Amino acid sequence: MSFRLLVRRTAPTLRRFSTETPVAGKNAYLANLEAVEHHAAETTELWRKISHYVCLPAIAVCAAWVYNIEMEHKAHLEHEMAENDGHLPAPPAYEYLNVRRKPFPWGPNSLFYNSENLSEE
Amino acid sequence: MQHNKTNLNLQLIKNKYQSHTYHLVDQSPWPILISWTLFFMAIGAVLYMHGYNNGGLLLNLGFFLTSAVMYFWLSDIHIEGSFLGNHTKEVKNGLMIGFILFVISEVFAFISVFWAYFHSSIVPSVEIGGYWPPLGIVPLNPFSIPLLNTFLLLSSGAFITYGHHAFIAGKRVFTINSFFMTVVLAVVFTLFQYIEYTDSSFSIADSVFGTTFYASTGLHGFHVIVGTIFIFIGFLRIINYNVTKQGHLGIETGILYWHFVDIVWLFLFIAVYFWGSN
């Protein structure tokens, strides 16, 4: 019995399934976690650069270009309205345009109806 | 005697543990409740569209209740994962597989609207004059706001990738900033789509062109709004320390959903906006 107590007292505290217990110098699970975190730091820097130095300038350039196009379009529409005494010319009365075989549940107009934009709908 | 008592103690302890790594979920009212709320929503939609009284009310009630049950169910999942330790590696893997299958089902929903669009546009019917776009329709300029929207969505995808890696690398400020930018870009996209919808010269009722245009872009817009909410909730949970580097499926599934939304937009831009215009 004293031998058993002796063994218990001097046995190393080897907890076989703990992630903190070192195995052959470096715990494989912890090493993997550290590698993932380190790799993530590098990838973060890559995507930070892409987001800030590629995406944001591209949006700015495209926004400036689209602003020009839309201002031109607006001027064209105003010119058409001026030529057509105050409102846009009506679209041709094809039977497949502005179809109402059954009224919308919310009323006569489509959901995003905009009276300023469309002529008589 | 001593040996038997030890055996009994061991049994009592062992009975508290499971000998597998899966999650046998506790009984919960949410599945049956959500089936009822979805039913109310569906019936409410049908009644509303056929003009019955209070159809719209039932639709809204069903929608509100479905959202409420979703909140409770998802928060239960969060509790099971973060506080009860049920989300082992296998469980997390299974949850991700389930979400991927859901995204695949959404892909099929979009395939159906794209099918309708291509069916109508590749061989335009005689009733619309055999042309696409039909005569009398002025399609939107694809290289105006739609192009800008493409850049907005792609950039939001880049920002959220930046954010996800920053999160894993433990960089809190970068994570919060990039998730915030993702949400901002998503909201700006939705705003521009709303402007396009109100400024367009054609409505959903303007021939099959309008129908397929608004059905496809509308279904996509709805998914953008859902995806924005998904990411925004992930953003709030990151701020609140609700997630960890090892367990953040709520964030990862949101990111996957957002990438899916982005890819669908690319298909929409090419097929509907670019190829479908003059």
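Since every read-out is calculated from the coordinates, none of them should be taken as a lab result. All of these numbers come straight from a predicted model, not from anything done at the bench. Quick reminder, even Gly has a Cβ in these numbers, built from the backbone with ideal geometry, and neighbours come from all protein chains shown.
Cβ crowding within 10 Å, taken as a proxy for footprinting-reagent exposure, orders A:55, A:62 from fewest neighbours to most as A:62, A:55.
For the range B:191-278, the convex hull spanned by the alpha carbon atoms encloses 94 Å³ per residue. Sorted fewest first by neighbouring Cβ atoms within 10 angstrom, B:172, A:48 come out as B:172, A:48. Per-residue ellipticity at 222 nm, computed for the protein assembly as shown from helices alone with -39500 (n - 2.57) per DSSP H run of at least four residues, works out to -23000 deg cm²/dmol. For residue A:49, the aspartates and glutamates whose Cα falls under 20 Å of its own Cα, not counting residues fewer than eight places away in the same chain, are A:37.
Based on the reciprocal of the average 1/r between different C-alpha atoms, the Kirkwood radius for the range B:158-223 equals 13.9 Å. Start at zero, step by 5 Å, and the Cα-Cα distances of the range B:233-278 spread as 5, 20, 18, 13, 11, 9, 9, 8, 5, 2, 0 percent across the bins. For the residue pairs B:89/B:245; B:171/B:245; B:92/B:171, alpha carbon separations beyond 19 Å are given by B:92/B:171. Here the relative contact order of chain B, from alpha carbon pairs under 8 Å that lie six or more residues apart, stands at 18 percent.
Taking max minus min of the alpha-carbon positions on each principal axis, the protein assembly as shown gives extents of 111, 52, 36 Å, largest first. Over all projection directions, the Cα-based convex hull of the range B:1-157 averages an area of 17.0 nm².
Annotation note: chymotrypsin sites (Phe, Trp or Tyr not before Pro) in the range B:44-73 located in DSSP loop regions with a Cβ neighbour count of at most 12 within 10 Å are absent.
When the alpha-carbon atoms of the range B:89-277 are used, the pair Rg, Dmax equals 18.8, 61 angstrom. Span-like helix check, chain B: qualifying full DSSP H segments, with Cα axial length of 20 Å or more and mean Kyte-Doolittle of -0.5 or more, are B:30-49, B:55-82, B:89-122, B:145-168, B:172-199, B:207-239, B:249-268. Would you tally the net charge around residue A:54, using a Cβ to Cβ cut-off of less than 15 Å, leaving residue A:54 out, and scoring K and R as +1, D and E as -1? Here the count lands on +1. Based on alpha carbons, the Rg and Dmax found for the range A:35-98 are 23.6, 71 Å.
Under 13 Å of direct C-alpha separation, and excluding same-chain neighbours fewer than eight residues apart, residue A:74 reaches these aspartates and glutamates: A:116, B:199. Rounded to a whole number of µm²/s, how large is the Stokes-Einstein D of the range B:28-86 at 37 °C and 0.692 mPa s, given Rh as the Kirkwood radius over C-alpha pairs? Taking Rh from Cα pairs, D becomes 267 µm²/s.
Listed by chain and number, the aspartates and glutamates placed with their C-alpha closer than 17 angstrom to that of residue B:16 are B:26, B:80; residues fewer than eight positions away on the same chain are left out.
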